[in-house]
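The values are calculated or read from the model by the stated rules, or taken from the named source; none is laboratory data. As the structure is a prediction and not an experimental result, all values here were calculated from the model. Cβ placement follows ideal geometry from the backbone for every residue including glycine, while neighbour counts extend to all protein chains displayed. These accessible areas exclude ligands, DNA and RNA; they are computed on the full protein's heavy atoms, side chains included. Shrake-Rupley method; radii C 1.70, N 1.55, O 1.52, S 1.80 Å.
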Amino acid sequence: AYERRFPTCPLIPMFVASDTVSEYKSEDKAIHVIERRCKLDIDAPRLLKKIAGVDYVYFIQKNSLNRRERTLHIEAYNETFSNRVIINEHCSYTVHPDNEDWTCFEQSASLDIKSFFGFESTVEKIAMKQYTSNIKKGKEIIEYYLKQLEEEGITFVPRWTPPVECKLESNTSHTRHLVSPAVNIPDSATKEALNNKEILNTSGSPSEPTAGTPDDKLDADYIKRYLGDLTPMQESCLIRLRQWLQETHKGKIPKDEHILRFLRARDFNIDKAREILCQSLTWRKQHQVDYILDTWNPPQVLQDYYAGGWHHHDKDGRPLYVLRLGQMDTKGLVRALGEEALLRYVLSINEEGLRRCEENTKVFGRPISSWTCLVDLEGLNMRHLWRPGVKALLRIIEVVEANYPETLGRLLILRAPRVFPVLWTLVSPFIDDNTRKKFLIYAGNDYQGPGGLLDYIDKEIIPDFLGGECMCEVPEGGLVPKSLYRTAEELENEDIKLWTETIYQSASVFKGAPHEVLIQIVDASSVITWDFDVCKGDIVFNIFHSKRAPQPPKKDSLGAHSITSPGGNNVQLIDKVWQLGRDYSMVESPLICKEGESVQGSHVTRWPGFYILQWKFHSMPACATTNLPRVDDVLASLQVSSHKCKVMYYTEVIGSEDFRGSMTSLESSHSGFSQLSAATTSSSQSHSSSMISR
């Protein structure tokens with residue numbers, strides 16, 4: 001269908017003609033490469049054409065069809081004005097890795113205008129307009145030619161098979177192609193058989209339904225057992241997002257069930273789901289949430305006075321959490337513990353909920369991905385509307401909504417008193433619409449009637465304080481003794497301590513105000529290691545060396561200063577009067593890091609002295625011969641709302657005698673949440689090595 005648009009296409013008016021420049025066909029007819037020179041009549045102002053001295057623009061297009069791997073790759077670049085404007089376009093058609101009936105189409109392009117007779121901005125607008133219209137018409141054109149083929153009776157094209165003399169593999173080789181993802185296929189039939197076995201073992205294992213390898217395939221049994229009903233499109237979104245994470249995320253890959261929660265929270269909009277999932281993964285790493293159940297013990301005050309706990313399960317098999325909010329002294333808990341301790345306790349409850357969902361999935365033999373929460377408001381009064389307490393509640397809701405989407409299956413609110421509408425008015429705007437639909441509110445003893453508690457919870461496990469026969473081990477709450485209250489200063493210090501237990505620190509980077517960290521090295525050949533995430537904006541990471549120590553930061557100095565902001569600190573150490581090459585030197589090449597990327601690396605020091613790690617705001621580079629920024633830089637700048645970046649970092653110095661590893665293991669690698677394409681570059685220097693993988 002694609003080939004039918006040549007030598008010219010009536011559906012693309014600006015495509016006037018094309019001539020074949022070269023053509024290659026492999027002996028086994030698996031590879032067909034054809035290069036054409038295409039003549040385009042660009043929709044540009046007549047004056048611009050006259051100044052440029054051309055009526056038509058010529059492009060070189062190379063189409064590479066690989067029948068063996070079932071791919072079509074298209075490359076195009078401009079021949080006309082190639083010394084002034086550089087245009088590159090890449091397209092590919094591939095078979096979907098997990099469903100042979102689907103075709104995947106990817107397209108990317110770049111535009112770099114060096115100079116164009118002073119009409120650079122005009123040319124940029126024309127190029128963007130043409131490219132946008134081509135994207136919109138691309139699918140329409142393919143469907144037009146597919147329909148044309150169908151009208152001619154061509155509805156099927158036989159799959160390529162190797163010539164008889166080339167068939168050295170067993171007959172199972174061809175069968176394997178019918179179920180294999182669109183990846184590099186091993187040459188030997190033995191490897192193929194092993195791959196088949198791996199896929200069956202991975203998808204069929206009830207104990208570890210993990211994201212697995214790129215060769216994973218979602219079969220019907222796995223979906224039914226662990227994920228629930230999914231449409232083909234929903235399944236495709238899950239596979240694509242999981243595959244993207246495997247390619248770009250350096251840390252622990254979430255399980256399919258967790259990825260699915262974020263997709264459902266954004267109605268399977270893959271871009272929106274990817275954004276909130278990446279933010280959540282960064283947040284989990286910063287606060288070490290993955291280890292909270294193993295490493296954090298709730299203070300005794302919480303164990304005694306927090307009136308909440310897990311209690312069996314509901315009729316759908318969901319874990320049931322009971323919260324006696326009316327019996328809980330929220331003011332006393334906030335005064336005794338502060339917001340951070342309460343927040344951390346709620347996070348531990350949510351982590352326990354995820355664990356219980358996995359357990360119940362195994363017990364009941366069907367996917368259970370959310371829990372039910374029963375909130376008893378008996379005893380709720382104006383004391384619960386204490387402003388700091390409501391503030392803490394709103395913050396907890398905000399964090400839980402962002403990082404545990406689609407985990408609340410149902411919320412049963414019982415015995416709501418008259419004061420409840422006031423609390424609901426304050427809280428409801430902060431709750432997602434989809435979550436609000438899961439709320440069931442009962443006033444007085446309405447929960448005992450038709451449509452009440454018995455519709456959702458078995459009679460045998462209704463708690464005793466609600467008139468049931470089941471003893472509930474949830475603490476009864478009560479007033480927190482005032483002797484346990486802490487002063488505002490104590491709470492503030494405790495809050496800082498709680499969240500800085502993480503080994504990571506936060507910093508803000510402003511335009512003209514980088515953040516710098518000083519490391520003193522006594523012994524040469526020590527190893528400086530770093531690990532940081534770019535939470536907001538784009539930054540440039542540098543490492544400098546100086547024989548003399550920089551002056552301590554002065555808050556009243558414009559040259560070197562320290563700024564504290566809600567997003568983290570900003571410290572500048574390099575004095576304005578220092579000159580690069582005289583007072584200090586650069587020991588590693590600058591590394592540009594995009595928003596969302598995670599960067600890890602090491603540097604083996606050559607000299608003792610003072611090393612400065614610097615995170616600097618990344619400004620958009622201008623074109624070589626004009627002051628105009630490039631198109632992709634302009635588009636990127638639209639996504640940055642201010643001249644402020646945020647980084648979360650950790651550094652450590654390892655003595656050379658303590659470092660047990662090889663030089664090749666000292667690598668700087670970074671995985672980009674925001675990068676969809678894979679490209680690799682590497683550079684090596686004396687005593688250091690760095691590798692960037694996107």
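Out of region 101-111, which residues are open to solvent by 40 Å² or more (accessible area, probe 1.4 Å) and touching a Lys or Arg at 6+ places or on another chain (Cβ under 9 Å)? Matches in region 101-111: Phe105, Ser110.
Among residues of region 587-612 that are modelled with pLDDT of 90 or more, none has a Cβ under 6 angstrom from a residue that is of a type in the set (Lys, Arg) and buried (at least 20 other Cβ atoms within 10 Å of the Cβ) at a sequence gap of 6+ or on a separate chain. Residues in region 69-94 that are closer than 25 Å to Glu143 by Cα and touching a helix residue (DSSP H, G or I) at 6+ places or on another chain (Cβ under 9 Å): Arg70, Leu72, Ile74, Glu89, Cys91, Tyr93. Count of region 269-284 residues, restricted to those that are closer than 17 Å to Glu398 by Cβ and open to solvent by 50 Å² or more (accessible area, probe 1.4 Å), is 2.
Only one of Ile199, Ile141 is assigned to a helix (DSSP H, G or I), surrounded by 15 or more Cβ atoms within 10 Å (Cβ to Cβ) and at pLDDT 65 or above; which? Sole residue among the options that is assigned to a helix (DSSP H, G or I), surrounded by 15 or more Cβ atoms within 10 Å (Cβ to Cβ) and at pLDDT 65 or above: Ile141. Against the list (1) modelled with pLDDT under 85; (2) in contact with a Lys or Arg (Cβ under 8 Å, 6 or more places away or on another chain), the condition Ile86 fails is (1).
May I ask you to list the residues in region 220-236 that are under 19 Å from Ser370 (Cβ atoms) and either of a type in the set (Phe, Trp, Tyr) or touching a helix residue (DSSP H, G or I) at 6+ places or on another chain (Cβ under 9 Å) (or both)? Let's see the steps before the verdict.
Of the residues in region 220-236, the ones under 19 Å from Ser370 (Cβ atoms) are 223-230, 234.
Within region 220-236, Ile223, Arg225, Tyr226, Leu227, Gly228, Asp229, Leu230, Gln234 qualify.
Sort through Arg366, Arg344 and tell me the only one that's touching a residue at least 60 places away in the same chain (Cβ under 8 Å), outside any helix (DSSP H, G or I) and either surrounded by 17 or more Cβ atoms within 10 Å (Cβ to Cβ) or not assigned by the TED database to the domain that holds Asp267 (or both).
On the way: Arg344 fails: outside any helix (DSSP H, G or I).
Testing whether each residue is touching a residue at least 60 places away in the same chain (Cβ under 8 Å), outside any helix (DSSP H, G or I) and either surrounded by 17 or more Cβ atoms within 10 Å (Cβ to Cβ) or not assigned by the TED database to the domain that holds Asp267 (or both) leaves just Arg366.
Matching residues to (1) part of a helix (DSSP H, G or I); (2) among the aromatic types (Phe, Trp, Tyr); (3) open to solvent by 40 Å² or more (accessible area, probe 1.4 Å):
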{"site": "Leu414", "(1), (2), (3)": "no, no, no"}
{"site": "Arg418", "(1), (2), (3)": "no, no, yes"}
{"site": "Pro421", "(1), (2), (3)": "yes, no, yes"}
{"site": "Val427", "(1), (2), (3)": "yes, no, no"}
{"site": "Asn434", "(1), (2), (3)": "yes, no, yes"}
{"site": "Ile441", "(1), (2), (3)": "no, no, yes"}
{"site": "Pro450", "(1), (2), (3)": "no, no, yes"}
{"site": "Ile457", "(1), (2), (3)": "no, no, no"}
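Annotation note: Cβ proximity below 8 Å between a residue of region 302-315 that is farther than 16 Å from Pro481 by Cβ and not assigned by the TED database to the domain that holds Pro463 and a residue that is buried (at least 20 other Cβ atoms within 10 Å of the Cβ) and of a type outside the set (Val, Ile, Thr) (sequence gap 6+ or interchain) occurs for no pair. Comparison of Gly451, Gly478, Gly468 shows that the only residue that is in contact with a Leu (Cβ under 9 Å, 6 or more places away or on another chain), of a type outside the set (Phe, Trp, Tyr) and within 24 Å of Tyr306 (Cα to Cα) is Gly468. Flag: Arg70 matches the condition of being at pLDDT 90 or above, on the phi > 0 side of the Ramachandran plot and in the same structural domain as Lys125 (by the TED database). For region 373-394, check the following and say yes or no: at least one residue is within 17 Å of Trp310 (Cβ to Cβ), in the same structural domain as Gly309 (by the TED database) and in contact (Cβ under 8 Å) with a residue 60 or more places away in the chain. Yes: region 373-394 contains one or more residues that are within 17 Å of Trp310 (Cβ to Cβ), in the same structural domain as Gly309 (by the TED database) and in contact (Cβ under 8 Å) with a residue 60 or more places away in the chain. In region 459-470, the residue that is nearest to Phe262 (Cα to Cα) out of those that are touching a residue at least 40 places away in the same chain (Cβ under 8 Å) and part of a helix (DSSP H, G or I) is Ile461. Beta carbons closer than 6 Å, at least 6 apart along the sequence or on distinct chains, pair a first residue in region 259-278 that is charged (D, E, K, R) with a second that is surrounded by fewer than 20 Cβ atoms within 10 Å (Cβ to Cβ) and part of a helix (DSSP H, G or I) for Arg266/Lys272. Thr330 - would you say it is polar (S, T, N, Q), modelled with pLDDT under 90 and either open to solvent by less than 10 Å² (accessible area, probe 1.4 Å) or not assigned by the TED database to the domain that holds Glu406 (or both)? No: the conditions fail for Thr330.
Residue count for region 592-624 under the criterion of being open to solvent by 20 Å² or more (accessible area, probe 1.4 Å), over 16 Å from Arg548 (Cα atoms) and of a type outside the set (Val, Ile, Thr): the result is 11. The residues of region 527-540 that are open to solvent by less than 10 Å² (accessible area, probe 1.4 Å) and among the hydrophobic types (A, V, I, L, M, F, W, C), listed by number, are Val527, Ile528, Phe532, Val534, Ile539. Across region 279-301, the number of residues qualifying as without any contact (Cβ under 8 Å) to a residue 40 or more places away in the chain and either at positive phi or over 22 Å from the mean Cα position of the chain (by Cα) (or both) comes to 4. If you scan region 312-334, which residues turn out to be assigned to a strand (DSSP E or B) and of a type outside the set (A, V, I, L, M, F, W, C)? Listed by number, the residues that qualify are His312, His313, Pro319, Tyr321.
In region 422-435, the residues that are without any contact (Cβ under 8 Å) to a residue 60 or more places away in the chain form Cβ pairs under 7 Å with partners that are open to solvent by 70 Å² or more (accessible area, probe 1.4 Å), at six or more places apart or across chains, as follows: Ser428/Arg436; Phe430/Glu398.
For (1) part of a loop (DSSP other than H, G, I, E, B); (2) open to solvent by 10 Å² or more (accessible area, probe 1.4 Å), each residue gets a yes or a no:
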| residue | (1), (2) |
| --- | --- |
| Arg225 | no, yes |
| Ile239 | no, no |
| Glu247 | no, yes |
| His258 | no, yes |
| Asp267 | yes, yes |
| Pro298 | yes, yes |
| Val301 | no, yes |
| Gly309 | no, yes |
| Ala336 | no, no |
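Listed residues Gly353, Gly409; which is in a helix (DSSP H, G or I), touching a strand residue (DSSP E or B) at 6+ places or on another chain (Cβ under 6 Å) and under 20 Å from Ala265 (Cβ atoms)? It is Gly353.
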